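Have a look at the structure below, then the notes.
The values are calculated or read from the model by the stated rules, or taken from the named source; none is laboratory data. If you're wondering where the values come from, they're calculated on a predicted model, not measured in any experiment. Cβ sites come from the backbone with ideal geometry, for glycine too, and all protein chains shown count toward neighbours. Surface areas here come from the heavy atoms of the whole protein model, side chains and all, with no ligands, DNA or RNA. Shrake-Rupley method; radii C 1.70, N 1.55, O 1.52, S 1.80 Å.
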Amino acid sequence: MSGESVSTERHTDDRTTLAGVGLRRVGLYATLVGLVTFYLIPIESGLVTSIKTSEALINTQPFAPPGPGGVTLEKWAFAFDALGRGMVNSLLFTIPSTILCAILGSMAAYGLTLVDWRGQVAVFALFIAGIFIPYQAVIVPLTQFWSQYAMLEYRLGLILTARYATILELIITHTAYGIPICTLLFRSQYKTMSWEMIEAARLDGASVWRIYKRIVLPLSIPMFAVVFIFQFTQIWNEFLFSLTIIGSVTDPAASATLILSGLGEALEGVDYPLRMAGALLTALPTLFVYLLFADKFAEGVQI
Amino acid sequence: MNRVIAFVRRLRRERRVRTDGGTADGRSTARRWLDSDVVQSAPFWGPPFLLMGFFVYAAIGWNFFLSLTTFSGFGEPDYGELGLQNYWAMVQDPGMWAATRNTLVLLVVFTFACLLIGLGLAILLDHEVRFRRSFRTIYLLPFALSFIVTAQFWRWMYNVNAGIVNQFIGVFGLGPYNWLGNPQLVLGAVIFALVWQFSGYTMVIYLAALRSIPSDQYEAAKVDGASALRMYRRVIIPQLRPAMVSASVVLVLFALKAFDFLYAIFGGYRPRQGADILATKMVREAFGRSEWAYGSAIAIALFVLSLAVITPYLYTQYQRGNL
């Protein structure tokens with residue numbers, strides 16, 4: 001994917017005239033640009049809506065720019081006020097769990113590539129199947145477990161403020177559910193690694209830990225980048241765990257997606273400009289990561 | 001204890017068979033066992049497996065027991081009296097049948113639409129075009145966003161009075177429709193938005209697969225005088241089948257999980273006639289109405305449905321030697 005363009009010679013029909021080829025090119029680009037509009041207009045419409053004054057909102061088309069004097073950042077300020085704490089909370093659990101599940105996934109993948117015993121296929125199948133478990137199938141026992149864990153924590157005298165206790169629960173949960181996909185991504189790389197080198201190191205008496213630290217880890221740095229980017233996006237975007245583990249929008253540990261889901265919702269209707277500002281604000285970290293590392297992201301998608 | 005001993009015996013036997021006369025190296029049996037691959041590799045895959053296994057497999061088992069109780073969210077569930085009453089209630093619940101039907105429609109239509117549109121996008125971008133990577137980045141962009149975020153955009157797009165969708169079809173003298181309020185339209189509207197979000201994903205999968213087709217096959221087809229359409233139909237698309245399989249597995253799983261999107265676009269747990277799927281019904285029963293045991297039973301139904309996807313996927317992966 002990374003920029004390696006496929007030769008087009010194969011697609012051009014030799015019999016068509018030069019004008020015909022030109023027309024086809026124009027058609028191709030027109031389609032591609034039309035599709036850009038299709039994929040961007042919901043986001044663009046959100047952006048222009050979020051910066052319009054109330055008059056501009058009524059007087060302009062939903063996707064049209066607000067026009068002179070019709071711009072206000074009021075809603076962004078409101079959204080920032082409401083979501084600021086949620087954004088910090090989201091970062092507080094997203095970053096540690098991303099790092100943790102990448103490390104654990106790499107270890108699991110290494111361990112499973114190392115062995116060639118009979119149960120290995122079954123163990124790896126159990127890892128991979130974990131990717132495809134709908135979270136609904138575990139969410140009730142999960143909330144049960146965390147409420148019992150809170151009692152245990154209390155008995156053990158583990159003193160954490162409510163906010164950090166919940167964030168710790170979220171870190172553990174996201175790590176556990178991130179392990180399967182990380183394992184799969186790392187294993188796809190480890191399977192193609194040069195094992196002659198590792199066999200040679202083993203014959204020289206290097207322990208499996210030493211091989212992991214000295215040979216495998218340095219070789220997997222590019223894969224770590226892919227996994228970090230992919231998992232960061234996935235965990236930041238997650239909603240169901242936030243909804244059920246945190247529970248309430250007013251909780252001090254509420255995540256950005258949870259706060260956004262209730263933002264500007266009133267009996268008489270929804271404050272759409274505020275919602276749009278909030279949605280874009282919530283999307284900023286993942287958008288930033290995605291636009292910077294689009295190639296690596298696309299690589300992580302290809303499981 | 002007996003089982004542990006039996007396990008160690010079996011391990012030893014396996015070891016002996018494999019190393020074939022390995023006693024000659026002078027190591028004791030215990031020492032050889034400690035050196036075995038399984039024991040050496042267990043510290044690596046063991047801890048992640050325990051963590052993941054607890055939260056995935058133990059949780060599903062626990063969920064199954066919960067679904068046999070009458071637990072309603074207060075106090076401790078009573079595991080003393082287990083019964084199938086929730087499953088019986090599930091069969092009799094008309095809302096359950098509607099949710100199952102909607103889930104299946106969503107699965108099938110969404111997956112096929114994504115596979116088709118993704119293929120179209122991939123074929124377009126397989127040409128040598130300028131800004132190829134930028135186009136790809138834009139088409140995949142919605143995939144990087146949260147369901148909660150994209151649902152806000154689409155809620156605004158589908159707004160009855162101010163929404164772009166009604167403004168757009170108004171140009172052709174149609175509408176306006178209440179897209180999210182009309183039971184006949186709502187599922188289609190939701191699927192359309194989900195296809196917007198996920199077709200870029202299918203495109204990426206296809207692009208990778210297209211790149212791996214050896215170019216001499218194109219050459220051969222060209223020498224035979226095959227037209228572009230024929231080339232795609234006879235040479236290229238048949239080779240995309242593995243990519244199609246793995247993409248549809250992931251798409252189906254996303255569709256099963258579409259809860260986040262529906263929750264956000266409808267603003268809460270409220271049931272939506274025409275767009276209630278198993279995932280939304282499960283969370284609403286358990287967390288909205290405190291029917292925890294009943295919610296667990298729906299969760300098991302959802303899990304069984306996902307098994308129908310996981311099992312064939314694992315099987316094909318096994319056959320291809322990827323496990």
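Below, the figures for the structure above:
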item	result
Range of Cα positions in the range A:149-260 per principal axis (Å), largest first	57, 34, 17
Computed [θ] at 222 nm, deg cm²/dmol, chain B (DSSP H ≥ 4; -39,500 (n - 2.57); rounded to nearest 500)	-21500 deg cm²/dmol
Cross-link partners of residue B:257 among lysines (Cα-Cα below 18 Å; sequence separation of 8 or more within a chain)	B:281
Under 25 Å from residue A:52, Cα to Cα: lysines that are on another chain or at least 8 residues apart	A:75
Average beta-carbon neighbours from other chains, 10 Å sphere, peptide A:115-125	5
Relative counts (whole %) of C-alpha pair distances in the protein assembly as shown, using bins that are 20 Å wide	17, 49, 29, 5, 0
Point-to-point label distance, residue A:213-residue A:60, nm (Cα→Cβ direction, 7 Å offset)	6.0
Peptide B:227-234 - average C-beta neighbours from other chains (10 Å radius)	1
Accessible area in square angstrom per residue, the range B:25-141, 1.4 angstrom probe	50
Rounded if a/c under 1.5, otherwise prolate or oblate - chain A, Cα gyration tensor axes	oblate
Estimated FRET transfer efficiency when R0 is 35 angstrom, pair residue B:160-residue A:71 (beta carbons, to 0.05)	0.85
Interface area, A with B, accessible, probe 1.4 Å, both sides summed, Å² nearest 100	10300
Prolate/oblate/rounded call for the range B:47-199, Cα gyration tensor, a/c under 1.5 rounded	oblate
For chain A, calculated [θ]222 nm from helices alone, where every DSSP H run of n ≥ 4 adds -39500 (n - 2.57)	-22500 deg cm²/dmol
Spacing of the two label points (7 Å from each Cα toward its C-beta) at residue A:24 and residue B:128, in nm	1.4
Peptide A:32-38 - average C-beta neighbours from other chains (10 Å radius)	5
Whole-angstrom gap from the range A:160-212 to the range B:299-323, using each part's C-alpha centre	23
Using a Förster distance of 35 Å, the FRET efficiency for residue B:28-residue A:118 (Cβ separation, nearest 0.05)	0.90
Theoretical FRET efficiency, 1/(1+(r/R0)^6), r = Cβ-Cβ of residue A:40 and residue B:72, R0 45 Å, to 0.05	0.45
Set of lysines with alpha-carbon distance to residue A:213 below 30 Å, sequence-local pairs under 8 removed	A:191, A:296
Rounded if a/c under 1.5, otherwise prolate or oblate - the range B:176-304, Cα gyration tensor axes	prolate
